[in-house]
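Undergrad: Below is a structure I'd like to ask you about.
The values are calculated or read from the model by the stated rules, or taken from the named source; none is laboratory data. This is a predicted model, so every value here is computed, not measured. With ideal geometry, Cβ positions are generated from the backbone for all residues, glycine too; neighbour counts draw on all protein chains shown. The accessibility values were calculated without ligands, DNA or RNA, using every heavy atom of the protein model including side chains. Shrake-Rupley method; radii C 1.70, N 1.55, O 1.52, S 1.80 Å.
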Amino acid sequence: MAHIAWLGKKSPFCGNVSYGLSTTERLQQLGHRISFIHFDNPSSGLGFGWDGLQLEGRQARSSGHGRSNAESRTSAVSRSGGDSGDVALPYLVKSQAYTIPSPGAQRELRESLEQLRPDLVHASLTLSPLDFRLPDLCQHLGVPLVATFHPAFDAGLRNLSAGTQQLTYQIYAPTLAKFDRVIVFSDRQAELLARLGVREERLAVIPNGVDTDRWQPAPTGSITAELAQLRRRFQGRRVFLYMGRLATEKNVEALLKAWRLVRPQGCVLLIVGDGPLRASLMASSDDPDVEWWGDEADRDKRVALLQLTEVFLLPSLVEGLSLALLEAMACGTACVATDAGADGEVLEGGAGIVISTQGVTTQLRTLLPVLRDQPVLTAALGVRARARALERYTLGRNIAALESLYAELVPLPSLAA
């Protein structure tokens, strides 16, 4: 099997992380060796930072010891169990949006790769200056380099000079053109990068995938303790759900405005998640039919919440490909989402209701009464959503596509088979 180096976030609060951890767990189950390199060693006490590199490869070697950054400023490769190595790089600032590495981080990254000797490096780009150094570094080491590029964007903005998200694509495109392969989540992302100069043959559309055996509708005649508890809590009220970060780009304020205008009788709007806008959003909404759940780290409880939910609502202004949306679909929940990022592609053709990023409140004000009065419609949408998830967005399909891509760059018999 191969040893792949994956650069990506490893902290639990990011949606892309859940996807990354599920993916690497499955790759390990298939016999691949996984090592992580991630920003997790604050050198200034600021408490922010850049996360992530995952390495997988048959030739990787690690001595099992590491010298701390504070002691020698050299690469710290620690053993995290099995054959995988875990490397923590130093950073100055780390946030949800970007990372500023410490001056010695590039050298530590190079030394870590030299020590681990992976067959392939797979970088989940995290908006860090080190992203732009990777092609030259991997070329020097003679290691193939793959990027997953997932900055959010508004699919409706065709002017590449408009908006900070489009600017991100413009800045990254010249560097992405040097990667051996660039993975994106949607055809629109691929088209955007191709227009900016990334060769089409180096672009691969591989959407997120979810474990549809775990994320599934509630079994008939048998429910989990978590779901039973939720049913008692909501006492027959129909649940409309938002699940995700509470940040400006998620546009939850528009959803709350529409809810207050409609006030669908017998329904509750459940807000699951945390983020910088939570306090202000809660302060502006004292509606008795809006409940603020907060962050939910327990996966079984998140599954139960989606199984209980009748309609999943995602009013985002920009997106990549929402993992929460895919999980809701896999659970057989009716879904309403904007056409931001790849979300519109996911639901197109009847798998859900797609609305524009423009005028979200107005559109939801029209839709909410229909969804309230037509439970047969929401049930049918849930069935279609589940079918679409099984057809296109399973974790198995995601892993198969990744292995196929790796086999193009790492000609090992175990991968080529």
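Let's see how each residue does on (1) of a type in the set (S, T, Y); (2) open to solvent by less than 20 Å² (accessible area, probe 1.4 Å); (3) at pLDDT 85 or above:
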site: S62; (1), (2), (3): yes, no, no
site: A70; (1), (2), (3): no, no, no
site: E114; (1), (2), (3): no, no, yes
site: D119; (1), (2), (3): no, yes, yes
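Undergrad: Considering only residues that are open to solvent by less than 10 Å² (accessible area, probe 1.4 Å) and not in a loop (DSSP other than H, G, I, E, B), which ones fall in the range 231-253? Before you say what the answer is, go through the steps one by one.
TA: Start the filter on the range 231-253 by keeping residues that are open to solvent by less than 10 Å² (accessible area, probe 1.4 Å), which leaves 234, 239-242, 246-247, 252.
Matches in the range 231-253: F234, V239, F240, L241, Y242, V252.
Undergrad: Applying the selection to the range 329-364, what residues are surrounded by fewer than 17 Cβ atoms within 10 Å (Cβ to Cβ) and touching a Lys or Arg at 6+ places or on another chain (Cβ under 9 Å)?
TA: Listed by number, the residues that qualify are G349, G350.
Undergrad: When the range 193-202 is examined, which residues are found to be within 19 Å of A152 (Cβ to Cβ), open to solvent by 30 Å² or more (accessible area, probe 1.4 Å) and outside any helix (DSSP H, G or I)?
TA: L196
Undergrad: On the given criteria, is L409 open to solvent by less than 60 Å² (accessible area, probe 1.4 Å), farther than 29 Å from E191 by Cβ and either in contact with a Pro (Cβ under 7 Å, 6 or more places away or on another chain) or acidic (D, E) (or both)?
TA: Details: open to solvent by less than 60 Å² (accessible area, probe 1.4 Å): yes; farther than 29 Å from E191 by Cβ: no; either in contact with a Pro (Cβ under 7 Å, 6 or more places away or on another chain) or acidic (D, E) (or both): yes.
Answer is no for this residue.
Undergrad: Filter the range 375-403 down to the residues that are of a type in the set (S, T, N, Q) and at pLDDT 95 or above, then identify the one that is least open to solvent (accessible area, probe 1.4 Å).
TA: Per the criteria, the residue is T378.
Undergrad: Are any residues in the range 302-354 outside any helix (DSSP H, G or I) and without any contact (Cβ under 8 Å) to a residue 40 or more places away in the chain, and if so, which ones?
TA: Those that are outside any helix (DSSP H, G or I) and without any contact (Cβ under 8 Å) to a residue 40 or more places away in the chain: V336, A337, E348, G349, G350, A351, G352, I353, V354.
Undergrad: Kindly provide the set of residues from the range 278-304 that are within 17 Å of L255 (Cβ to Cβ), touching a helix residue (DSSP H, G or I) at 6+ places or on another chain (Cβ under 7 Å), surrounded by 16 or more Cβ atoms within 10 Å (Cβ to Cβ) and not small (G, A, S), ordered by number.
TA: Within the range 278-304, L281, V290 meet the criteria.
Undergrad: Find all pairs meeting these conditions: Cβ atoms under 6 angstrom apart; at least six residues apart or on different chains; first residue within the range 80-97 and under 25 Å from E25 (Cβ atoms) and open to solvent by less than 30 Å² (accessible area, probe 1.4 Å); second residue β-branched (V, I, T) and modelled with pLDDT of 80 or more.
TA: Every condition considered, the pairs that remain are S84/I34; V87/I37.
Undergrad: Being of a type in the set (A, V, I, L, M) and crowded, with 19+ Cβ neighbours inside 10 Å: is that true of L261 here? Outline the logic, then answer.
TA: Working: of a type in the set (A, V, I, L, M): yes; crowded, with 19+ Cβ neighbours inside 10 Å: no.
For L261, the condition - of a type in the set (A, V, I, L, M) and crowded, with 19+ Cβ neighbours inside 10 Å - is not met.
Undergrad: Quick check on Q363: is it modelled with pLDDT of 95 or more, assigned to a helix (DSSP H, G or I), more than 27 Å from E226 (Cα to Cα) and of a type in the set (S, T, N, Q)? Let's see the steps before the verdict.
TA: Values: modelled with pLDDT of 95 or more: yes; assigned to a helix (DSSP H, G or I): yes; more than 27 Å from E226 (Cα to Cα): yes; of a type in the set (S, T, N, Q): yes.
So Q363 passes the test.
Undergrad: Is at least one residue of the range 267-288 β-branched (V, I, T) and either part of a loop (DSSP other than H, G, I, E, B) or within 19 Å of T366 (Cβ to Cβ) (or both)? Outline the logic, then answer.
TA: First, pick out the residues of the range 267-288 that are β-branched (V, I, T): 268, 271-272.
Those left that are additionally either part of a loop (DSSP other than H, G, I, E, B) or within 19 Å of T366 (Cβ to Cβ) (or both): none.
No: the range 267-288 contains no residue that is β-branched (V, I, T) and either part of a loop (DSSP other than H, G, I, E, B) or within 19 Å of T366 (Cβ to Cβ) (or both).
Undergrad: Let me ask something else. Looking at the range 12-42, which of its residues are surrounded by 19 or more Cβ atoms within 10 Å (Cβ to Cβ), at pLDDT 75 or above and outside any strand (DSSP E or B)?
TA: S22, T23, T24, L27, H32
Undergrad: Can you list residue pairs whose Cβ atoms sit under 7 Å apart, with the first residue in the range 374-385 being among the hydroxyl-bearing types (S, T, Y) and the second being part of a helix (DSSP H, G or I)? Count only pairs 6 or more apart in sequence or on different chains.
TA: Qualifying pairs under 7 Å: T378/L371.
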